[in-house]
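A short write-up of the structure that comes next.
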Amino acid sequence: MELRDRLCMVLKDFSELNLTLGMISNDLNHSSAYLNGICNGSNQKPDEPFYDYFRIRFNVNPFWLHNGKGEMYLEGGKQNNTKQAVLFSKILKLQPKHREAILLIVDSILASREDSV
């Protein structure tokens, strides 16, 4: 199984999020051509942020994604990140100014938690 096949498995597993390659490319700060290259097999050497993205966002084992060895998901499996992935996908649908507002709210919450410790 090639990288593109493993990537398709991940995207299929999270199909309820209605993710597009464009959304993922935006997240990765890459062009759509970069991700399309991975999906069509012409780019078999994605950069480290590519693997980090799927590890952080979807709890995907980067070693498995890279070479197909080991388990597809890290400890906790798919369910470990489903709620976070849903939240993240909803945030991506917002306009940039609204994303910025969400970030300010999160920063404020985190700051207030630090103050109370």
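The values are calculated or read from the model by the stated rules, or taken from the named source; none is laboratory data. Note that the structure is predicted; figures quoted are calculated from it, not measured. Ideal geometry is used to build each Cβ from the backbone, glycine not excepted, and the neighbour counts take in all protein chains shown. For accessibility, only protein heavy atoms count, side chains too; no ligands or nucleic acids. Shrake-Rupley method; radii C 1.70, N 1.55, O 1.52, S 1.80 Å.
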Some residue of the stretch 44-51 being touching a residue at least 24 places away in the same chain (Cβ under 8 Å) and of a type in the set (Asp, Glu): no
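Which of the following residues is more than 12 Å from the chain's Cα centre (by Cα) and either touching a residue at least 24 places away in the same chain (Cβ under 8 Å) or assigned to a helix (DSSP H, G or I) (or both): ARG99, ARG57?
On the way: ARG57 fails: more than 12 Å from the chain's Cα centre (by Cα).
That would be ARG99, the only listed residue that is more than 12 Å from the chain's Cα centre (by Cα) and either touching a residue at least 24 places away in the same chain (Cβ under 8 Å) or assigned to a helix (DSSP H, G or I) (or both).
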Residue within the stretch 32-53 that is over 21 Å from LEU92 (Cβ atoms), part of a helix (DSSP H, G or I) and open to solvent by 40 Å² or more (accessible area, probe 1.4 Å) present: yes
